[in-house]
Amino acid sequence: MNDPNISIEKLRKRNSILLFLETLMTYCLMGVLLASFHEEIFKQERPCPLCYLQRFAFLGTAMGALMNVRFGFKTKYVAFALLFSVFGNIVSTRQILLHICPGFPKFGYPVFGFSLFTWAYFIFAVVVLTQVILLFWTHPKLQEIPRNALNWWEKGAFILVLLCLLGNIVSTFFECGFHYCEDAPWPPKRQESLHESAKKSPLNLEIKGE
Amino acid sequence: MDMLGLFILLLITWIFILYKKRNLALLIGIIALILGGLLLIHHMNTPIPITL
């Protein structure tokens with residue numbers, strides 16, 4: 001794997017594959033963030049502070065990948081992404097522990113049987129594994145290869161990260177303003193208003209079950 | 001302002017990456033991570049109800 005007599009062609013090929021994988025990982029991470037925006041906007045699930053911290057960790061991991069893409073593949077940028085993904089793992093573990101005990105209130109609607117923070121835990125674990133595999137596959141001479149200009153695939157990743165970042169800034173501003181972020185109420189307002197409107201109707205309807 | 005500040009720090013990191021200021025990008029990113037860690041510790045004041 002770390003052959004000292006490796007040819008420059010092989011090095012360049014390995015470098016381009018590593019950069020492609022880093023860009024692909026950025027797209028996947030932003031896809032997860034877009035899915036969380038879908039839950040927030042269309043299902044009206046207000047994010048909690050720990051959810052925001054997990055989004056922050058997703059974006060930080062993507063920043064590490066973008067550094068590799070922009071400056072060339074280096075182990076310090078992989079370490080940067082690893083730090084953020086381990087941080088995200090800790091946050092999602094904390095949230096799983098909060099809601100796993102019997103009698104403790106549930107938070108959020110499940111997606112394919114798991115809560116969103118449980119999915120976040122799995123994704124962070126996969127990201128950590130991916131980064132470790134990339135580190136195994138790197139080569140000391142790889143860091144000497146100069147970085148060319150960005151292609152359209154890499155520019156797209158940059159723009160997508162910026163859009164997700166701005167979306168999170170707007171979402172946080174409308175949720176918390178310039179104040180400290182408080183815990184979101186559960187169940188969300190959509191479900192409460194449904195119950196209230198049913199009770200207030202002239203037919204005196206009653207919705208059974210939660 | 002806590003979460004908003006963290007996202008703004010990441011936005012600054014993104015700008016530094018775009019303009020190839022690698023050391024500044026790393027520095028701001030690490031500062032954001034440390035502040036995020038402190039925020040997580042602050043949110044850990046809710047006890048986990050463990051029953052044995």
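What helices (runs of 4 or more DSSP H) lie completely within region A:1-111 and have 1 or more residues being within 10 Å of chain B (Cβ to nearest Cβ) and free of Cβ contacts under 8 Å to residues at least 24 places away in the same chain?
It comes to A:49-71, A:75-100.
From A:57, A:65, A:79, grab the single residue that is surrounded by 19 or more Cβ atoms within 10 Å (Cβ to Cβ), more than 16 Å from residue A:157 (Cβ to Cβ) and modelled with pLDDT of 90 or more.
Values: A:65 fails: more than 16 Å from residue A:157 (Cβ to Cβ); A:79 fails: surrounded by 19 or more Cβ atoms within 10 Å (Cβ to Cβ).
The match here is A:57.
Quick check on region A:58-84: of everything there that is within 16 Å of the chain's Cα centre (by Cα) and of a type in the set (Phe, Trp, Tyr), which residue is farthest from residue B:36 (Cα to Cα)?
A:80
The values are calculated or read from the model by the stated rules, or taken from the named source; none is laboratory data. Computed from a prediction, not measured in an experiment: that's the story for all the values here. Methodologically, a virtual Cβ is constructed for each residue, glycine included, from the backbone with ideal geometry; neighbour enumeration extends over all protein chains shown.
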